[in-house]
């Protein structure tokens, strides 16, 4: 995950993606970059399809 200012870029979506987003309080992803299609790099993608995946926290 790269964050600069208000822009965030996800590089690969590991199986623990939801926990990472919550820990870092990431509310929005501007870009997603997948390096290759191995399970340990894409297993977190389905979590992004959930309507509340990035809407768990009130705005700061």
Classify segment 2-48: rounded, prolate or oblate, from the alpha-carbon gyration tensor (a ≥ b ≥ c, eigenvalue square roots; a/c under 1.5 rounded; otherwise prolate if a/b is larger than b/c)? oblate
Note: residue 9 to residue 31 extended length (0.36 nm per residue) minus current alpha-carbon separation gives 7.4 nm
Please give the peptides 17-30, 34-47 ranked by average Cβ packing (other Cβ atoms within 10 Å per residue), highest first, as a rough proxy for protection. 17-30, 34-47
Length-normalised contact order of segment 2-48 in % [C-alpha pairs under 8 Å, at least 6 apart]: 47
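A short reminder: the numbers here are calculations on the coordinates, not readings from a lab. In this text the structure is predicted, and so the values were computed from the model without any measurement. Counting neighbours? That spans all protein chains shown, and the Cβs are built from the backbone with ideal geometry, glycine included.
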